[in-house]
Amino acid sequence: MITSTRKTRLIILGLLLSFSGAACSGDQQEITLEQVPPAIMERIEQTFPGFTAHEAERYIRDQKTIYEIEGKTPEGLEYEIEISESGTIIKIELDD
């Protein structure tokens, strides 16, 4: 038999896990390049002149909109760039 204290703890644990999952993962969705705000693309262009984007995703992390842009530099290097809606570059990953 589950005591009321144990039952309360299980309910709280379940709520915490559900909230932490929502805050971390968010709904990641593919978007068209036209749906990426121009300011985001301009910020990437400043960092990588001549960058050609070919794929974009948008998701929420810690209640902030994050864009993940994949593309190629003129030298042929493939990058995946995570950038916040405010234009802060979060991560730059060189793809193999």
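Counting only residues that are in contact (Cβ under 8 Å) with a residue 24 or more places away in the chain and farther than 15 Å from GLY87 by Cβ, the range 32-48 holds 1 of them. Is there a residue being at pLDDT 95 or above, assigned to a loop (DSSP other than H, G, I, E, B) and either surrounded by 13 or more Cβ atoms within 10 Å (Cβ to Cβ) or not charged (D, E, K, R) (or both) anywhere in the range 61-71? No, the range 61-71 contains no residue that is at pLDDT 95 or above, assigned to a loop (DSSP other than H, G, I, E, B) and either surrounded by 13 or more Cβ atoms within 10 Å (Cβ to Cβ) or not charged (D, E, K, R) (or both). For the range 56-71, the set of residues classified as of a type outside the set (Ser, Thr, Tyr), under 13 Å from the mean Cα position of the chain (by Cα) and within 15 Å of ILE31 (Cα to Cα) consists of ALA56, GLU57, ARG58, ILE60, ILE66, GLU68, ILE69, GLU70, listed by residue number.
I'd like the residue in the range 72-96 that is among the hydroxyl-bearing types (Ser, Thr, Tyr) and not in a strand (DSSP E or B) and, out of all such residues, is farthest from GLN29 (Cα to Cα).
This residue is THR73.
Taking the conditions (1) in contact with a helix residue (DSSP H, G or I) (Cβ under 6 Å, 6 or more places away or on another chain); (2) in contact (Cβ under 8 Å) with a residue 40 or more places away in the chain; (3) aliphatic (A, V, I, L, M) in turn, ALA56 satisfies each one other than (2).
Counting the residues of the range 24-60 that are assigned to a loop (DSSP other than H, G, I, E, B) and farther than 13 Å from ILE89 by Cα gives 9.
The values are calculated or read from the model by the stated rules, or taken from the named source; none is laboratory data. Source: prediction; values computed, not measured. Glycine gets a Cβ as well: all are built from the backbone with ideal geometry, and neighbour counts include every protein chain shown.
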